[in-house]
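Trainee: Take a look at this one; I'll ask things after.
The values are calculated or read from the model by the stated rules, or taken from the named source; none is laboratory data. Please read these numbers as outputs of a predicted model, since none were measured by experiment. Note that each Cβ is placed from the backbone with ideal geometry, even for glycine, and that neighbours are counted across all protein chains shown. Areas reflect the complete protein model, heavy atoms only, side chains present, ligands, DNA and RNA absent. Shrake-Rupley method; radii C 1.70, N 1.55, O 1.52, S 1.80 Å.
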Amino acid sequence: MKLATRLGLAATLGLASLALHAQTVLTVSAFKDLDRSVQAAIPLFKKARPDVEVKLISLGYGDHHNAMTTALATGANLPDVMGLEIGFVAKFAEGGGLEDLAKPPYNANALTDRFFKFAAAQGTSRGGVRAALPADIGPGALFYRKDLMDKAGITEADLTKSWDSFIDAGQKLKAKSGTYLIPHAAAIKDIILRSGLKDGEGIYFDEKGAVLVESPRFVTAFETAKRARAAGIDAKIGAWSNEWSEGFRRGTVATEMMGAWLAGHLKNWIAPDTRGNWRSASLPGGVNASWGGSYYAIPKGAKNKALAWEFVKFMTTSREVQIAAFRELDAFPALIEATNDPFVDQPVEFLGNTRARQQWKATAQKIPAVDVDRLDPVAAEVITAEFDKVLEQGKDVKLALADARKAIERRIRR
């Protein structure tokens, strides 16, 4: 090789090396399974921004949120983009560690009409800080074993018409086959707590921060769930336990009420051998609610805020990215236009070739834009503890709720 050629090649390689090292590194922290959406989107993002290297840091759900809590508190090890589950958005927002995306240069409020209204609302704190934009949502559904219901002579209408009808169906199923209708009575309590709410209302607190847990909604939730336990229709097992998964695999538990994403979990790892036996229906009593949801936020201490905002918009408003996550990962899009894709109308094989995604979309359109409060997790923890006393110790419902109010108010004052 001639000297000039060698020198030219060396110069070219040197420039390429410099270009590689000059790439901007965008750090994205996410939890399982949100990390899979990020991983799938990185090649698409690289097409638009080949000058950017996306570094994905992935941890388990609890470890990730604990790490983000520490990072925001100390200002150390902050990513440029932070993935969050909905339960942490208000807490982190009101802690003051996240950028307010409603303000310039982000002006994210111009984008919020593109998302389902409840998902957009949940990204905003009670103080009005738009802390995050939604990526995926969990429209609530009742998943049930149609084969077991058919053997017991129970119809979908029996399960969804009302809570009385639901409990009656559970007793009939138990009497005929010994099968439990639900894993735990707490699911009924949690759903009724989300019933009858209007846009702008909160589950546990009103707009002034007053505690709502002695309202008729909470009394009904506790009493209905207590009746379900007395009727013997719940297996007394907690979600995500080994007993819970085994109940679905063996057909000893016939339903579960969760977000639409549960269909993917049932298909992929919980009970793949039950393919075709499951169906999805609306929640009993006409309740429209959501379970979970993933969001993207930008810490105030991020090093590359402009690029971080570009990536957040890419993950949340790109139809291509949202549909890819929907197809590959069963992540139901928060972006309305992505749910207009023909994929929504396709039959779901695992659910007996029914068009369940159409039902999930219809539910998402009706879920109210409920206010979230950073103290919601505190209130939920107290309510769970008092509910357990009602079920396990026979504590009076109204006394339990009165004690819950006092405990919540005491913890708020700390």
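Trainee: Out of every Cα-Cα pair in the chain, what percent are more than 28 Å apart?
Mentor: Values: 44930 of 85491 pairs.
More than 28 Å apart: 53 percent of the Cα pairs in the chain.
Trainee: Turning to a different aspect of this structure: For region 250-366, just the Cα atoms, rotate onto the principal axes and tell me the three extents in Å, largest first.
Mentor: If we take the Cα atoms of region 250-366, the spans are 52, 29, 28 Å.
Trainee: Rounded, prolate or oblate: which fits region 310-367, taking a ≥ b ≥ c as square roots of the Cα gyration tensor eigenvalues, rounded meaning a/c under 1.5, else prolate when a/b beats b/c?
Mentor: Working: a/c = 2.58, a/b = 1.66, b/c = 1.55.
It comes out prolate by the Cα gyration axes.
Trainee: Distance between Cα centroids, region 356-414 to region 154-194: provide it in whole Å.
Mentor: What the calculation gives is 20 Å, centre to centre.
Trainee: Cross-link list Lys47/Lys303; Lys91/Lys236; Lys366/Lys395; Lys117/Lys208; Lys172/Lys361: which exceed 28 angstrom alpha carbon to alpha carbon? Spell out each step's value before the answer.
Mentor: On the way: Lys47/Lys303 22 Å; Lys91/Lys236 31 Å; Lys366/Lys395 35 Å; Lys117/Lys208 22 Å; Lys172/Lys361 31 Å.
Lys91/Lys236; Lys366/Lys395; Lys172/Lys361, as the Cα separations exceed 28 Å there.
Trainee: Determine the share of the chain's accessible area contributed by carbon and sulfur atoms, expressed in whole percent, with a 1.4 angstrom probe.
Mentor: Details: 9460 of 18550 Å².
Looking at the chain in its full context, I get 51 percent from C and S.
Trainee: Additional query: Go ahead and set up a Gaussian network model of the chain, Cα springs under 10 Å, then flag whichever of Leu181, Leu159, Leu307 fluctuates most.
Mentor: Leu307
Trainee: What angle, in degrees between 0 and 90 and rounded to the nearest 10, separates the Cα long axis of helix 319-329 from the longest principal axis of the Cα atoms of the chain?
Mentor: Value to nearest ten degrees: 60.
Trainee: I'd like the distance between the alpha-carbon centres of region 64-122 and region 256-306, rounded to an integer number of Å.
Mentor: 20 Å
Trainee: From the phi angles alone, apply the Karplus equation (6.51, -1.76, 1.60; θ = phi - 60°) to region 209-214 and give each ³J(HN,Hα) in whole Hz, x where the residue is Gly or Pro.
Mentor: Values, residue by residue: x, 6, 7, 9, 6, 9 Hz.
Trainee: Could you give the nm distance between label points at Lys32 and Glu381, where each point is 7 Å from its Cα heading toward the beta carbon?
Mentor: Each label point lies 7 Å from its Cα, and together they span 2.4 nm.
Trainee: List, largest first, the extents of the alpha carbons of region 132-177 along their principal axes, each in whole Å.
Mentor: The Cα atoms of region 132-177 stretch 48, 22, 15 Å along their principal axes.
Trainee: Work out from phi, with θ = phi - 60° and the Karplus expression 6.51 cos²θ - 1.76 cosθ + 1.60, the ³J(HN,Hα) of each residue of region 252-265, listed in order in whole Hz, and give x for Gly and Pro.
Mentor: Running phi through 6.51 cos²θ - 1.76 cosθ + 1.60 with θ = phi - 60° gives 8, 10, 9, 9, 8, 10, 8, x, 4, 4, 4, 4, x, 5 Hz.
Trainee: Sticking with this structure for a sec: Viscosity 1.002 mPa s, temperature 20 °C: what is the translational diffusion coefficient of region 198-243 from Stokes-Einstein with a Kirkwood Rh over Cα pairs, rounded to a whole number of µm²/s? Write out the running numbers ahead of the final one.
Mentor: Working: Rh = 13.1 Å.
Translational diffusion coefficient: 164 µm²/s.
Trainee: Is the C-alpha gyration tensor of region 162-209 telling us rounded, prolate or oblate? Criteria: a/c under 1.5 is rounded; beyond that, a/b larger than b/c is prolate, otherwise oblate.
Mentor: Values: a/c = 6.02, a/b = 3.11, b/c = 1.93.
In terms of gyration-tensor shape, prolate.
Trainee: Sticking with this one: Name the residues whose placed amide hydrogens come within less than 5 Å of the amide hydrogen of Ala289, ignoring near sequence neighbours (fewer than 5 apart) on the same chain.
Mentor: Here the answer is Gly140, since their amide H atoms fall under 5 Å of that of Ala289.
Trainee: With a 1.4 Å probe and all protein chains in place, put Asp388, Asp150 in order of accessible area, largest first.
Mentor: Working: Asp388 65, Asp150 90 Å².
From most exposed to least exposed: Asp150, Asp388.
Trainee: Could you tell me how many degrees, from 0 to 90 and to the nearest 10, lie between the Cα long axis of helix 3-21 and the main elongation axis, the longest principal axis, of the Cα atoms of the chain?
Mentor: With rounding to tens, the tilt is 30 degrees.
Trainee: Another question, then. With a 10 Å radius around each residue's Cβ, average the other Cβ atoms per peptide and rank 406-412, 298-304, 88-94, highest first. List each step's numbers first, then the result.
Mentor: On the way: 406-412: 14.7, 298-304: 19.0, 88-94: 23.3.
So the order, starting with the most tightly packed, is 88-94, 298-304, 406-412.
Trainee: With θ taken as phi - 60° and the coefficients 6.51, -1.76 and 1.60, list the Karplus ³J(HN,Hα) couplings across region 221-231 in order, rounded to whole Hz; mark glycine and proline as x.
Mentor: My calculation for region 221-231 gives 4, 5, 5, 5, 5, 5, 5, 4, 5, 5, 6 Hz in order.
Trainee: On C-alpha positions alone, give me the angle between the axis of helix 61-74 and the longest principal axis of the chain, in degrees, nearest 10.
Mentor: The angle comes out at about 60 degrees.
Trainee: Report, in deg cm²/dmol and to the nearest 500, the calculated mean residue ellipticity at 222 nm for the chain, where each DSSP H run with n ≥ 4 adds -39500 (n - 2.57) and the sum is divided by the residue count. Walk me through the intermediate numbers first.
Mentor: On the way: 17 runs with 195 residues, N = 414.
Mean residue ellipticity, 222 nm, calculated: -14500 deg cm²/dmol.
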